[in-house]
Amino acid sequence: MQKVIIKTENAPMPIGPYNQAILTGNMLFVSGQIGVNPKTKLMENNSIKEETIRVLENVKAILNEVNMDFSNIIKATIFITDMNNFSAVNEVYASYFLSDFPARECVEVSKLPANAKVEISVISTK
């Protein structure tokens, strides 16, 4: 299968040796997104909810680049630095889906890039 690199200026550019997403066949693999605003290049993290919204808006921008949306997501992975933020992250996350939630895990980690409190990666299909 052909591997197509997906890139959009509407999501933060990678800061390492990876791409925003890879499309292969009808599957899209979106790299972990954090709360960096792609326009200002600053973290939007005044609250965990604000940061989670920015993360999901970054995911949305990448999905939109290949004419997908949240209904196409089949798997999500959430990394958070404090499990006490789970409810707030989950509330924002749930608001991005109309029905048929994807498979998912949420894992507490000690640290994330740019001192983010939440990072989300997804796998989508058409």
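Once fully extended, how much extra length lies between Arg104 and Met83, figured as 0.36 nm per residue of separation less the alpha-carbon to alpha-carbon distance?
6.0 nm
Using each residue's phi in region 19-28, evaluate 6.51 cos²θ - 1.76 cosθ + 1.60 at θ = phi - 60° and report the 3J(HN,Hα) Karplus result to the nearest Hz, with x for Gly and Pro.
Values, residue by residue: 10, 4, 6, 10, 9, 9, x, 9, 10, 10 Hz.
Just how far, in whole angstrom, is region 1-69 from region 71-101 if you go by their alpha carbon centroids?
If you average the Cα positions of each part, the centres end up 15 Å apart.
Straight-line reach from Lys3: which aspartates and glutamates have a Cα under 16 Å away, not including same-chain ones fewer than 8 places off?
Glu65
Along region 38-51, what does the Karplus equation 6.51 cos²θ - 1.76 cosθ + 1.60 (θ = phi - 60°) give for ³J(HN,Hα), rounded to whole Hz, x for Gly and Pro?
x, 7, 8, 6, 10, 5, 9, 9, 5, 8, 5, 5, 4, 5
What net charge is computed for the residues neighbouring Ala61, neighbours being all others with C-beta under 12 Å from the C-beta of Ala61, Lys and Arg scored +1, Asp and Glu -1?
0
Taking Lys111 as the anchor, which aspartates and glutamates have their alpha carbon closer than 19 Å to its alpha carbon, excluding any fewer than eight residues away along the same chain?
Glu44, Glu50, Glu51, Asp82, Glu119
Would you please give the residues with an amide H less than 5 Å from that of Ala21, counting only those at least 5 places away or on a separate chain, with H modeled from the backbone geometry?
Hits under the 5 Å cutoff: Ile6, Ser31.
For region 2-17, take each phi angle, set θ = phi - 60°, evaluate the Karplus expression 6.51 cos²θ - 1.76 cosθ + 1.60, and give the result in whole Hz per residue in order, putting x for glycine and proline.
For region 2-17, the Karplus curve yields 6, 9, 10, 7, 9, 9, 9, 6, 8, 9, x, 6, x, 10, x, x Hz.
Once the Cα atoms of helix 86-95 and of the chain are each reduced to a long axis, what angle between those two axes, in degrees from 0 to 90 to the nearest 10, is obtained?
It works out to around 40 degrees.
In terms of modelled amide H atoms, which long-range or inter-chain residues lie less than 5 Å from the amide H of Glu108?
Ile80
If I take all pairs of Cα atoms in region 3-125, what percentage of them are more than 23 Å from each other?
When every Cα pair of region 3-125 is considered, 24 percent fall beyond 23 Å.
Report relative contact order for the chain in percent, whole number only (criteria: Cα-Cα under 8 Å, sequence separation at least 6).
31
Determine the sum of side-chain charges near Asn72: Lys and Arg each +1, Asp and Glu each -1, restricted to other residues whose C-beta is under 15 angstrom from that of Asn72.
Value of the local net charge: +1.
Under 5 Å between amide H atoms, partner at least 5 residues away or on a different chain: which partners does Asn37 have, H built in plane at 1.01 Å?
Placed amide hydrogens put Leu42, Met43, Glu44 under 5 Å from Asn37.
Once label points are set 7 Å from the Cα along Cα→Cβ at both Asn37 and Glu91, what is their separation, rounded to one decimal in nm?
Simple spin-label model gives 2.2 nm for this pair.
Hey, what's the Cα Rg ratio for region 1-41 versus the globular rule of thumb, 2.2 N^0.38 Å?
1.22
Run through the DSSP bridge list for region 3-125 and note the antiparallel percent, rounded to the nearest 5.
Expressed as a percentage, antiparallel bridges in region 3-125 total about 80.
The numbers here are math on the coordinates, done by the rules we state, and not lab data. Keep in mind that this is a model prediction, so the values were computed, not measured. Note that we place each Cβ from the backbone using ideal geometry, even for glycine, and neighbour counts take in every protein chain shown.
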